[in-house]
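As structure tokens, the structure follows; a few thoughts come after it.
Please treat every number below as a calculation from the coordinates, not as lab data. All figures in this text were calculated on a predicted structure; none of them were measured in a lab. Every residue, glycine among them, receives a Cβ derived from its backbone with ideal geometry; neighbour counts consider all protein chains shown.
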Amino acid sequence: GESVGLHLPTLSVQEGDNSIINCAYSNSASDYFIWYKQESGKGPQFIIDIRSNMDKRQGQRVTVLLNKTVKHLSLQIAATQPGDSAVYFCAESRPNTPLVFGKGTRLSVIA
Amino acid sequence: DTGVSQDPRHKITKRGQNVTFRCDPISEHNRLYWYRQTLGQGPEFLTYFQNEAQLEKSRLLSDRFSAERPKGSFSTLEIQRTEQGDSAMYLCASSPAGAGANVLTFGAGSRLTVL
């Protein structure tokens, strides 16, 4: 069936290390992807997005990579900080459809 | 602009009671969305509006759920005859129409607990 999911439900990283959070999607018609960060008690917060005509997009300390061949995207966080501890969701969209979210990965940063 | 506001932040109710949540979107955003999120899960789409028109409803939105956006600004989500399975965080989001329509800005959510 159509789904957006994640390979790992939890990820622990040492402060200062790089983090990689993965996401798989199954619908080849998806043309837009977003990563959201959700801290406890808050709504999801936009981090970075990428369209299907791109392979890579960089922001401040974050990079999203898209591999359409295997329907996989990843979020890389450089020099992970304690403030990065949160649940991260990927979401996908097809034309004229609302965002569909995956289950999320909890990132814990060890000081 | 203070972003997307939701009220109340927390609601505890007994099974069978009706509850209503309110969402005030970012003022210049045409689109308004309702999502539901249960513990350990990602947000699930319920419905969305463009201005006052309700354009899409999920199959998750049973006939006990109704959403309105009468003047194209704030929206309400009402749940009638609440059930324990309705316990969840109800998230509202807004976005502009056109370019940027997919970038949803979320509120902090309204947490519902049905006893």
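So is A:ILE34 part of a strand (DSSP E or B), out of contact with any Gly (no Cβ under 8 Å at 6 or more places or on another chain) and in contact (Cβ under 8 Å) with a residue 60 or more places away in the chain or not? Yes.
Within region B:79-94, can one find any residue that is in contact with a Pro (Cβ under 9 Å, 6 or more places away or on another chain), more than 11 Å from B:PHE21 (Cα to Cα) and away from chain A (no Cβ under 12 Å)? The answer is no; no qualifying residue exists. Residue selection: B:GLN41 fails the criterion of being among the polar types (S, T, N, Q), farther than 25 Å from A:PHE89 by Cα and not in a strand (DSSP E or B).
Give the residues of region A:33-57 that are of a type in the set (Val, Ile, Thr) and more than 11 Å from A:TYR88 (Cα to Cα), sorted by residue number.
Pass one, region A:33-57, residues of a type in the set (Val, Ile, Thr): A:34, A:47-48, A:50.
Residues satisfying the conditions are A:ILE48, A:ILE50.
So, in region B:40-65, of the ones that are charged (D, E, K, R) and more than 11 Å from every other protein chain (Cβ to nearest Cβ), which residue ends up farthest from B:GLN80 (Cα to Cα)? Checking each candidate, the answer is B:GLU52.
A:THR10 meets all of the listed conditions (1) touching a Phe, Trp or Tyr at 6+ places or on another chain (Cβ under 8 Å); (2) within 24 Å of B:ALA88 (Cα to Cα) but one, namely (1).
Residue-by-condition table, conditions (1) surrounded by fewer than 22 Cβ atoms within 10 Å (Cβ to Cβ); (2) among the hydroxyl-bearing types (Ser, Thr, Tyr); (3) within 13 Å of the chain's Cα centre (by Cα):
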{"site": "A:ASP55", "(1), (2), (3)": "yes, no, no"}
{"site": "A:LYS68", "(1), (2), (3)": "yes, no, no"}
{"site": "A:GLN81", "(1), (2), (3)": "yes, no, no"}
{"site": "A:PHE89", "(1), (2), (3)": "no, no, yes"}
{"site": "A:GLU92", "(1), (2), (3)": "no, no, yes"}
{"site": "A:THR97", "(1), (2), (3)": "yes, yes, no"}
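Is region B:46-65 home to any residue that is more than 24 Å from A:VAL87 (Cβ to Cβ), in contact (Cβ under 8 Å) with a residue 60 or more places away in the chain and surrounded by fewer than 21 Cβ atoms within 10 Å (Cβ to Cβ)? Steps first, please.
Taking region B:46-65 and keeping what is more than 24 Å from A:VAL87 (Cβ to Cβ), we get B:49-57, B:59, B:61-65.
Among the residues that remain, those that are also in contact (Cβ under 8 Å) with a residue 60 or more places away in the chain are: none.
No, there is no match, as no residue in region B:46-65 is more than 24 Å from A:VAL87 (Cβ to Cβ), in contact (Cβ under 8 Å) with a residue 60 or more places away in the chain and surrounded by fewer than 21 Cβ atoms within 10 Å (Cβ to Cβ).
Please state which one of A:LYS42, A:LYS37 is within 14 Å of chain B (Cβ to nearest Cβ), crowded, with 20+ Cβ neighbours inside 10 Å and not β-branched (Val, Ile, Thr). Selected residue: A:LYS37, the only one of A:LYS42, A:LYS37 that is within 14 Å of chain B (Cβ to nearest Cβ), crowded, with 20+ Cβ neighbours inside 10 Å and not β-branched (Val, Ile, Thr). For region A:55-71, a residue qualifies if it is within 14 Å of chain B (Cβ to nearest Cβ) and assigned to a loop (DSSP other than H, G, I, E, B), and exactly one does: A:GLY59. Within region B:79-104, can you find the residues that are more than 26 Å from A:PRO95 (Cα to Cα), surrounded by fewer than 14 Cβ atoms within 10 Å (Cβ to Cβ) and in contact (Cβ under 8 Å) with a residue 40 or more places away in the chain? Correct list: B:ARG81, B:GLU83, B:GLN84. Note on region A:20-31: among residues that are surrounded by fewer than 19 Cβ atoms within 10 Å (Cβ to Cβ) and assigned to a loop (DSSP other than H, G, I, E, B), the one that is farthest from the other protein chains (Cβ to nearest Cβ) is A:SER28.
Considering the conditions (1) touching a strand residue (DSSP E or B) at 6+ places or on another chain (Cβ under 6 Å); (2) in contact (Cβ under 8 Å) with a residue 40 or more places away in the chain; (3) within 30 Å of A:PRO9 (Cβ to Cβ), B:ASP24 is excluded by exactly one of them, (3). Among the residues of region A:72-105, just one is within 21 Å of B:ARG31 (Cβ to Cβ), in a strand (DSSP E or B) and more than 9 Å from every other protein chain (Cβ to nearest Cβ), namely A:GLU92.
Does B:GLY72 satisfy the criteria of being of a type outside the set (A, V, I, L, M, F, W, C), under 20 Å from B:THR2 (Cα atoms), within 14 Å of chain A (Cβ to nearest Cβ) and surrounded by 14 or more Cβ atoms within 10 Å (Cβ to Cβ)? No; evaluated as a whole, the condition is false for this residue.
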